[in-house]
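Just below is one structure, and these are the notes that go with it.
Quick note: the coordinates plus some simple rules give every number you see, no bench work behind them. Keep in mind the model is a prediction, meaning the values are calculated, not measured. Cβ: placed from backbone, ideal geometry, glycine included. Neighbour counts: every protein chain shown.
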Amino acid sequence: MHHSVLQPLWDSLRLNYKDYVRSPLFPIAVTVSSYFIFCVPFLVCDLMGDRWPGVQQFKIQPSYRPSASNLLHCAGVTLYNHVFLVLPASVAQWLWRPPVDLPDQAPTLLELIVGVTGNILLFDFQYFIWHLLHHKIRWLYVTFHAIHHKYHSPFALATQCLGGWELVTVGFWTTMNPLILRSHLLTTWAFMVIHVYVSVEDHCGYDFPWSTSRLIPFGIYGGPSKHDVHHQKPNSNFAPHFSHWDKIFGTHAEFSFCKTNN
Ligand SMILES: [Zn+2]
Ligand SMILES: [Zn+2]
C-alpha cells in the first residue's frame with residue numbers, strides 16, 4: 001500500500017470538482033487557459049520594454065520588439081484556429097467520448113515525474129520527425145509550416161501562430177501520448193500544462209536564468225535560445241524541447257546571434 005504526497009490534491013479534485021474533471025472538455029480547458037496565463041508575463045515584459053532594463057538584458061535578440069500588428073496577427077491566427085478547429089474538436093469530444101472514471105489512488109510523485117518526462121520525450125521525437133519533414137519537403141513547408149516562420153524573432157504569442165494541420169497534429173499527440181503511456185489523469189494534466197509552458201518559453205524571446213535549458217544540466221535541453229536559432233536559421237534545431245535528436249541527425253546549432261549596437 002503506497003501513500004502519495006499527491007493524494008490530498010487528487011482527493012480534493014476528484015471529490016469536490018468531480019463533474020468538471022471527468023468532462024472530456026477539461027483537458028482542452030486546461031491547455032487553452034494555461035496558454036494565455038503563461039503568455040501574459042512575457043507580453044508584459046515586451047510592452048514594458050526599456051522601462052524594465054533588468055528584464056531586457058535577458059532578451060535573446062535585444063534590438064527586436066514585436067509590434068502591435070505582430071501581436072494582433074498572432075492573436076488573430078490563434079482565434080481563427082480556436083473557432084474553426086479547437087471548438088469543433090471540443091464538441092466532437094464532448095459528444096463521442098464518455099466521461100472518464102477517476103481512480104481512487106493518486107500517482108506517486110516519482111510516477112508523475114517519470115510519466116511527464118516520458119510524455120515529453122515521446123512528443124519530442126514525434127514532433128522532431130514531423131518538423132524535419134516539413135522543412136525538407138518544400139510543398140509541406142509552404143503549405144503547412146511557413147506561417148510559423150513569419151517571425152524570425154519569436155515572442156510569446158508566436159507560439160500558437162500555427163497552421164491548422166500543425167495544431168491538429170500537435171493536439172493529437174498531446175491527447176494520444178498519455179493514453180499510449182497509460183498515464184494517470186493527474187500525470188496527463190501535469191504533462192499538458194508543462195508542455196504548454198515549455199512551448200511558450202521556447203518562443204518567449206528571453207533567456208532568463210530560470211529557463212528550462214539552464215535548470216536542466218549538460219545542455220541536454222534546448223530551450224529558448226536554441227529554438228530562437230531555429231527561427232533565425234530554419235535548417236537547424238528541429239526538436240522542440242531536448243537536443244539529442246538534433247545531435248544524432250547532425251542538425252544541432254548553438255546560439256550565434258550577433259548583437260547589434262544599441
Ligand atoms: Zn517556433
Ligand atoms: Zn520550423
In straight Cα distance, which aspartates and glutamates are under 14 Å from K150, not counting same-chain residues fewer than 8 positions off?
D228
Under 17 Å from K59, Cα to Cα: lysines that are on another chain or at least 8 residues apart:
K226, K259
With springs connecting C-alpha atoms under 10 Å apart, model the chain as a Gaussian network and identify which of T78, T169, T159 has the largest mean-square fluctuation.
T169
Treat each spin label as a single point 7 Å out from the Cα along the C-beta direction, and report the I248 to D11 distance in nm.
4.3
Roughly how many debye, to the nearest 20, is the charge dipole of segment 128-261 about its Cα centre, given +1 on each Lys and Arg Cβ, -1 on each Asp and Glu Cβ, and no other charges?
220
Which of the peptides 219-232, 129-142 is most tightly packed, and how do the rest follow, judged by the mean count of other Cβ atoms within 10 Å per residue?
219-232, 129-142
Pair V91, H3: separation of 7 Å Cα→Cβ label points (nm):
4.9
Cβ-based charge dipole, segment 7-249, positive-most Cα from H230, V83, P41
H230
Taking the Cα centre of the chain as the origin, how large is its charge dipole in debye, to the nearest 20, when only Lys and Arg (+1) and Asp and Glu (-1) carry charge on their Cβ atoms?
460
When we measure straight from the Cα of K18, which aspartates and glutamates land under 20 angstrom away, once same-chain ones fewer than 8 places off are left out?
D101, D104
If packing is taken as the mean number of other Cβ atoms within 10 Å per residue, what is the order of 239-248, 40-49, highest first?
239-248, 40-49
Any idea how far apart R182 and W165 come out in nm if each label point goes 7 Å out from Cα toward Cβ?
3.5
